[in-house]
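In what follows, a single structure is set out as structure tokens and then discussed.
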Amino acid sequence: MKRILFITVISILCVSNTDGQKLTQFVDPFLGTGGHGHVYPGATVPFGMVQLSPDNGDEGWDWCGGYHYSSKTIAGFSHTHLSGTGIGDWCDISVLPLIDTNEMRKVKIKSPFDHKNEKARPGHYSVKLNNGINCELTAAERTGFHQYTFPNNNGWLKFDMGFRINWDGSTAGMLSIIDDYTIIGYRFSNGWAKGQKIYFAAKFNTPIKQHVFLNDTSQTNNTAHGKLVQLALQFSTKNPLVSKVAISTVSTENALSELNKYQAVSFENAVKSANLLWENELQKIKINTNDRAFAERFYTALYRTCLAPVLQSDANGSYQTHDNKTLQFKKGKNKYTVFSQWDVFRALNPLFTITQPDKLPDMINSMLQLYEDNGLLPVWDLSTWETNTMTGYHSIPIIADAILKNIKGFDYNLAYEAMRKSAFQQQRGTPEYIQYGYLPQDKHGWSVTITLEYAFDDWCIAQVAKQLNKTDDYNLFMNRAMSYKKLFDKSTGFMRSRNSNGLFNEPFDPLNSEHGENGQYIEGTAWQHSFFVPHDIEGFAALYGSKEQLVAKLDELFNAPSELHGENVSGDITGLIGQYAHGNEPSHHIIYMYTALGHPEKAAKWIKVVTDSMYKNGADGLSGNDDCGQMSAWYVWSSLGMYPMNPASGEYIFGLPLIKDATIQLPNKKTLQIKVTGNEADNQKGIKSIQFNHQTIPVKSISHQQLLKGGLLEIQLN
């Protein structure tokens, strides 16, 4: 009997790559909801406009997603959330079930709950509140589905247009009852993004018995307006109360039209549909392992790579801008928003060239639409508002990567025009960078980071110029791509800020962090930023005197003291190993430099340390903000044994595979199988040899074009 039980348990734990395997069972939406992960556990579908998730009602940096695992209350379930960002916003159209009217007039009601009564899986979230109400949520692309089972026969739902978190605040709201089963409304707000507008329509499976408007400034018949307007609705709740809530960025009419699509869809079928959409996404990379904990980390990471960007246009292609223009998206099927370019250009978007071939052209066309609407490619677009958050002009490497990989579906000439204009913009330190050949610190803060990132982005433009036969531009931007050399201080081995007089700034402390705009390095120290030269490893090594001397500097990075100096240290510098900070993006490519410099064994050593210590199961599973999927994308790539160290080169540098067997569905309908053999007890010794379709290739890299051939990639470990 014991032997039979053991075999049964092993078969349950095994993640097979058979067609019948349900991979959604290995996703844990709670992973990373503690610590500084800033992710939400609620219901959504891949890249959907609706992210229906609980909000604790608490505020602060760790509630940027509306929810943090440390909280024990829920103040509502709102329909829009950001995944893993460092600034809180959205949380539009909040709904809270109530059993009575005792607390109804409170601006914010916090209902206690226990995590033991809470569950989540892709496309479905449920919690039983301490007051006895069982709450279930699911979602379609633009519609949220609520199901509430009340302990009494007369329950209430409260719709709150004034609910807010952190930086966000309502500027206008409206709620209106249009019949016994249907309400409409909107919430306008300013937060991180200005001029945000969300319209909605909600329909219930049972008629409204009575209603109460709260916090309104004007009321006519069954319609009320006000920045903080709320509407409490009473229903007969002998049976579960189902509410379908469709949202729109344009109008309540569009929301009603969207809602009508789901008139005949039951809550249970909506759950099944959402789960199937997620299953189809996860099946794109199938792994074979007997380690369930690893499978949960891997598939939760793959799940998180599909949470941003999100739909912004309505089903008819219309969308509304922050400055009140209603426009039509004609470049593709869907327009997207939430472009966290400083984060995602590094690993997420290169992953999209494999996993999202159908959606990527629309994403790029959305960037080009923002160029036409706003005058420049997005830096950090939120609801068509350019937040101008972080440094660089990193839509450029994303678009360049797609062009250089020959991805179709957008206008290459328009894209090049937009890229070039961003490189000559009259803001963000760009004119001074062009004038001096580097950005002087006395002209603009974060000068080291900006110079290094502009140099890389300029290299990307140069490669596209070359492909488009623009020789003069190729030479111009290749020259600008070498700007990084002007900040190298050979005496210290760091990239350092210079003033406009050409002198390095003194005093210099490589452990100093200044979070404000007067800092030299954004969200980091000299240690983390000095290695950002992914486009010219040979030239970078030459500054040190040789590749081996650059390798020695990398060794110093991992053995430096894990301390930070300064009066305003950045909270984003997390996940420290020496001065390598995996919890923030500037460090993400660094380990793979070892392989590029001829030392794959050193890369393997530190990949093993990072994956063992920075990615864990449970609420505290992430070492920093997931940043719209970048942290997760790093783990997906690294688990497969490679990483886009230069994210626009079409080259994937080898590291240390965590999988033993994986099958990747390629964009051209072919498949790539990765098989890993060798020492399982101490695999941090690294890769011994690699064969691609039975031909030995160097233990360095493989190109995107090679991968597209499909077949078999065999990795032998030492």
Checklist entry - Given (1) touching an Asp or Glu at 6+ places or on another chain (Cβ under 8 Å); (2) surrounded by fewer than 23 Cβ atoms within 10 Å (Cβ to Cβ), where does GLN467 come up short, assuming only one miss? => result (1)
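Matching residues to (1) surrounded by fewer than 18 Cβ atoms within 10 Å (Cβ to Cβ); (2) touching a Lys or Arg at 6+ places or on another chain (Cβ under 8 Å); (3) closer than 25 Å to SER83 by Cα:
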position	(1), (2), (3)
ASN260	yes, no, no
ALA264	yes, no, no
LEU277	no, no, yes
GLU296	no, no, yes
GLN312	no, yes, yes
ASN316	yes, no, no
LEU327	yes, no, no
Checklist entry - Here are GLY516, GLY583: which of them is among the small types (Gly, Ala, Ser) and either closer than 17 Å to SER623 by Cβ or in contact with a Gly (Cβ under 7 Å, 6 or more places away or on another chain) (or both)? => result GLY583
Checklist entry - Pairs under 7 Å by beta carbon, first residue β-branched (Val, Ile, Thr) and modelled with pLDDT of 95 or more in the range 336-360, partner part of a helix (DSSP H, G or I) and buried (at least 24 other Cβ atoms within 10 Å of the Cβ), six or more apart or different chains? => result VAL338/CYS628; VAL344/CYS628; VAL344/GLY629; VAL344/GLN630; THR353/ASP401; THR353/ALA402
Next on the checklist: List the helices (runs of 4 or more DSSP H) inside the range 519-584, counting only whole elements, that have at least 3 residues being surrounded by fewer than 18 Cβ atoms within 10 Å (Cβ to Cβ).
Outcome noted: 537-544, 547-559
Checklist entry - Taking the range 470-518 as the region of interest, how many residues are of a type in the set (S, T, N, Q), surrounded by fewer than 17 Cβ atoms within 10 Å (Cβ to Cβ) and part of a helix (DSSP H, G or I)? => result 3
Checklist outcome for this item: Within the range 471-501, residues more than 26 Å from HIS565 (Cβ to Cβ) and of a type outside the set (S, T, N, Q) come out as ASP472, ASP473, TYR474, LEU476, PHE477, MET478, ARG480, ALA481, MET482, LYS485
Checklist entry - Residues of the range 72-103 being among the polar types (S, T, N, Q) and in contact with a strand residue (DSSP E or B) (Cβ under 8 Å, 6 or more places away or on another chain), which ones? => result THR73, SER78, THR80, SER83, THR85, SER94, THR101
Next on the checklist: I'd like the full set of residues that are among the hydrophobic types (A, V, I, L, M, F, W, C), in a strand (DSSP E or B) and over 22 Å from HIS225 (Cβ atoms), limited to the range 142-162.
Outcome noted: PHE145
Checklist entry - Which pairs do you get when a residue that is modelled with pLDDT of 95 or more, found in the range 255-280, comes within reach of a residue that is of a type outside the set (S, T, N, Q) and loosely packed, with under 14 Cβ neighbours inside 10 Å, reach meaning Cβ atoms under 7 angstrom, with the pair 6+ apart or on two chains? => result GLU279/LYS22
Checklist entry - Only one residue in VAL609, VAL636 is part of a helix (DSSP H, G or I), within 29 Å of THR80 (Cβ to Cβ) and in contact with a strand residue (DSSP E or B) (Cβ under 8 Å, 6 or more places away or on another chain). Which one? => result VAL636
Item to check | strands (runs of 3 or more DSSP E) fully within the range 28-121 counting 3 or more residues that are over 14 Å from the mean Cα position of the chain (by Cα) and surrounded by fewer than 23 Cβ atoms within 10 Å (Cβ to Cβ) | outcome: 111-121
Checklist entry - Residues that are of a type in the set (Phe, Trp, Tyr) and within 30 Å of the chain's Cα centre (by Cα): which strands (runs of 3 or more DSSP E) entirely in the range 163-281 hold 1 or more of them? => result 182-190, 196-204
Next on the checklist: Cβ-Cβ under 8 Å, sequence separation 6+ or interchain: first residue in the range 435-456 and outside any helix (DSSP H, G or I), partner modelled with pLDDT under 95. Which pairs?
Outcome noted: GLY445/GLY516; GLY445/GLU517; GLY445/ASN518; TRP446/GLU517
Checklist outcome for this item: Restricting attention to the range 685-698, the residues that are buried (at least 18 other Cβ atoms within 10 Å of the Cβ) and either on the phi > 0 side of the Ramachandran plot or not in a strand (DSSP E or B) (or both) number exactly 1
Next on the checklist: Looking at THR321, THR300 in this structure, which one is in contact with a Leu (Cβ under 7 Å, 6 or more places away or on another chain), surrounded by 23 or more Cβ atoms within 10 Å (Cβ to Cβ) and not aromatic (Phe, Trp, Tyr)?
Outcome noted: THR300
Checklist entry - With respect to the numbered conditions (1) surrounded by fewer than 22 Cβ atoms within 10 Å (Cβ to Cβ); (2) in contact (Cβ under 8 Å) with a residue 12 or more places away in the chain; (3) over 24 Å from PHE339 (Cβ atoms), which one is the sole condition not fulfilled by ASP179? => result (2)
Item to check | Residues of the range 612-631 satisfying the condition of being hydroxyl-bearing (Ser, Thr, Tyr) and either in a loop (DSSP other than H, G, I, E, B) or closer than 12 Å to GLY34 by Cβ (or both) | outcome: SER623
Checklist entry - Which condition number in (1) modelled with pLDDT under 95; (2) surrounded by 18 or more Cβ atoms within 10 Å (Cβ to Cβ) is the one that LEU214 fails? => result (1)
Checklist entry - Are there any pairs with C-beta distances below 7 angstrom linking a residue in the range 552-566 that is over 18 Å from ALA596 (Cβ atoms) to a residue that is of a type in the set (Asp, Glu) and not in a strand (DSSP E or B), with the two at least 6 apart or on different chains, and if so which? => result HIS565/ASP509
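The values are calculated or read from the model by the stated rules, or taken from the named source; none is laboratory data. Just so you know, these numbers come straight off a predicted model, no measurement behind them. All Cβ positions, glycine included, derive from the backbone under ideal geometry; neighbour counts span all protein chains shown.
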